[in-house]
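Engineer: Before I ask anything, here is the structure I am working with.
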Amino acid sequence: MYNVIGVIVDAVYPYKKTKDVCSLRIIDQTINSFAAREEMSTFGTQYVQVQFFSNKDKEMPIVTRVGDILRLYKVQTATWNSTKQFNCNLFGQS
């Protein structure tokens, strides 16, 4: 489990699959440093993917604009399509 603070650089409005899903991309100082950009450019990513899952769309985060600060508390990591991401389950949080 990780605690993360990052700046939102891309957001997708929540959509319905088998459950509600919201996808964000964030950066933080470790990703946005020059050395990290050089290292990550070989992999083609300069952000971290964050996935929110819920049964209710009202529980999803509302992103008002790119540049908003996002604080994640006790999130899990996962790998999807050979890319690391944070998964946030919001079931029963409201």
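The values are calculated or read from the model by the stated rules, or taken from the named source; none is laboratory data. These numbers come from a predicted model, not from an experiment. Counting neighbours? That spans all protein chains shown, and the Cβs are built from the backbone with ideal geometry, glycine included.
Condition check ((1) over 19 Å from VAL75 (Cβ atoms); (2) surrounded by fewer than 17 Cβ atoms within 10 Å (Cβ to Cβ); (3) modelled with pLDDT of 85 or more) across all residues:
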{"site": "VAL21", "(1), (2), (3)": "no, yes, yes"}
{"site": "ILE26", "(1), (2), (3)": "no, no, yes"}
{"site": "PHE43", "(1), (2), (3)": "yes, yes, no"}
{"site": "TYR47", "(1), (2), (3)": "no, no, no"}
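Engineer: Of (1) on the phi > 0 side of the Ramachandran plot; (2) at pLDDT 90 or above, VAL9 satisfies all except one. Which?
Structural biologist: (1)
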